[in-house]
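S.K.: So that we are looking at the same thing, I have put the structure below in structure tokens.
The values are calculated or read from the model by the stated rules, or taken from the named source; none is laboratory data. Note that the structure is a prediction, hence the values are computed from the model and not measured. Cβ coordinates were reconstructed from backbone atoms using ideal geometry, including for glycine residues, and neighbour counts include every protein chain displayed. Just so you know, the surface numbers come from the protein's heavy atoms only, side chains and all, with ligands and any DNA or RNA stripped out. Shrake-Rupley method; radii C 1.70, N 1.55, O 1.52, S 1.80 Å.
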Amino acid sequence: MKVLVVNCGSSSIKYQLVNMNDESVLAKGLVERIGIEGSVLTHQPAGKDKVVINAAISNHSIGIKLVIDALTDPKHGVISSMKEISAVGHRVVHGGEKFADSVLITPAVMKALEECIEMAPLHNPPNIMGINACSEIMPGVPQVAVFDTAFHQTMPKEAFLYAIPYEAYEKYGVRRYGFHGTSHKFVSQQVAELMGEKLSDLRIITCHLGNGASIAAIKNGKCIDTSMGFTPLEGLVMGTRSGGLDPAIVPFIMKKENLSADQVDNYLNKKSGVLGVSGVSSDFRDVEEAANAGNERAALALDLFAYRVRKFIGSYVAAMGGVDVIVFTAGLGENSITMREKIGNGLEFLGTRIDPAKNNVRGKAQEISVDGAKVKMFVIPTNEELVIARDTKAICGNLA
Ligand code: AMP
């Protein structure tokens, strides 16, 4: 069975074709600048040279058509016809309270996704466009939606409710949803496997540290709390997002800087975080380089980031009544030796410490805490595409 995994942004389509017999990636690629001048498809067949196709790609349907053409091309394709694609799995950012698991896409599911647009105005519309494009180009091929929010639906009410008038929850669905759920789910399963333990016996804290960053408390295999909230703005400091702050700052800045609601949203989502504090970049590599060269604000931004992660770890230890393992994943978590040190070296009170030799690792699943540590620390590379492919196979494997 071959599954096409699709992740649509407003002007991009990321894809992978996965052979589910051995979970190998047959090809992957990226369509960029949809609807913008200079649109391009970069297609990478496994074991072959990368192909760059420049074409006018005015919408997602044309983008999906080009992806299928690339996958079936006699020269750089990996399948002989579209018929080899058994199912399509889509990353969908927001499933609200309606979806606690991945689902087969039906007209009723599409209606529910439309209803979630209000809560994820930037993310759900392109996800829906991607689904519609695949239905148009591949009619009859089953499609599955895999939600960023689904894994967090097990949070108890005291963890997901905000202390504002209850009607805001009832009328508008204002509550903590959490995001990156596919990643938190994957790395928690992986670490249990690596430790040779049952997921249902472990208390795990998963730190997804990338451009967007979130942390989750996973007790006996179920998420009981996570740092992102109603939107992906809450919680940790991020590349360009503020993370948690005193909500009174919002009207204060609006008045002082004469900003509209949309402008202050942009201020907190795009101009804040590590970029806002350092004034250097949102990319941690640039900020680490600047800090090493003596830039004090860059160093401060990194300290702020690490301190916030450590504070959340402490609070989740309290929430779970202890912790057995802490996992670092995503771009920064998998690759930044110094950031893991900064965070991990403040956790001696838990009975754990980073082993500098073991921590000298990038993008590889490995324990990084000292031998005999009471609480283990691991690097686990995330693989959201594989979770989407697995869920799609689980739902569509018996169809047709
Ligand atoms: P993601 O959103 O998961 O793709 O993560 C992107 C972030 O990971 C960027 O801010 C990168 O700077 C950071 N990152 C990737 N590789 C490294 C590295 N070797 N050292 C530090 N940060 C890195």
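S.K.: Six or more apart or on different chains, Cβ under 8 Å: which pairs go from a residue in the range 375-400 that's open to solvent by 60 Å² or more (accessible area, probe 1.4 Å) to one that's not in a strand (DSSP E or B)? Could you list them?
M.R.: 390/20; 390/23; 393/1; 393/20; 394/102; 399/142; 400/142
S.K.: Every residue in the range 81-124 that is at pLDDT 95 or above and hydroxyl-bearing (Ser, Thr, Tyr), please.
M.R.: 86, 102, 106
S.K.: Would you be able to say whether some residue in the range 284-294 is part of a loop (DSSP other than H, G, I, E, B) and open to solvent by less than 60 Å² (accessible area, probe 1.4 Å)?
M.R.: Checked the range 284-294: at least one residue is part of a loop (DSSP other than H, G, I, E, B) and open to solvent by less than 60 Å² (accessible area, probe 1.4 Å).
S.K.: Could you grab the pairs with beta carbons closer than 8 Å, sequence gap of 6+ or different chains, first residue in the range 324-341 and within 7 Å of the ligand (Cβ to nearest atom), second one hydroxyl-bearing (Ser, Thr, Tyr)?
M.R.: That search, which allows pairs on different chains as well, returns 330/183; 330/382.
S.K.: Another question, then. Out of all the residues in the range 287-302, which are of a type in the set (Asp, Glu) and either in contact with a Cys (Cβ under 6 Å, 6 or more places away or on another chain) or more than 15 Å from the ligand (Cβ to nearest atom) (or both)?
M.R.: If the condition is that a residue be of a type in the set (Asp, Glu) and either in contact with a Cys (Cβ under 6 Å, 6 or more places away or on another chain) or more than 15 Å from the ligand (Cβ to nearest atom) (or both), then 296 is the only one that fits.
S.K.: Say we look at the range 89-103 and pick out the residues that are in contact with a strand residue (DSSP E or B) (Cβ under 6 Å, 6 or more places away or on another chain) and over 14 Å from residue 5 (Cβ atoms); which of these is surrounded by the fewest Cβ atoms within 10 Å (Cβ to Cβ)?
M.R.: Looking at residues that are in contact with a strand residue (DSSP E or B) (Cβ under 6 Å, 6 or more places away or on another chain) and over 14 Å from residue 5 (Cβ atoms), I get 99.
S.K.: Is it true that residue 357 is within 16 Å of the ligand (Cβ to nearest atom) and either crowded, with 16+ Cβ neighbours inside 10 Å or without any contact (Cβ under 8 Å) to a residue 12 or more places away in the chain (or both)?
M.R.: The answer is no for residue 357.
S.K.: Hey, another quick one. Consider residue 151 against the criteria (1) touching a strand residue (DSSP E or B) at 6+ places or on another chain (Cβ under 9 Å); (2) open to solvent by less than 20 Å² (accessible area, probe 1.4 Å); (3) farther than 22 Å from residue 63 by Cα: it satisfies all of them except one. Which criterion is unmet?
M.R.: The failed condition is (2).
S.K.: Oh, and also: Quick one: is residue 217 open to solvent by less than 20 Å² (accessible area, probe 1.4 Å) and of a type in the set (Gly, Ala, Ser)?
M.R.: Criteria met by residue 217.
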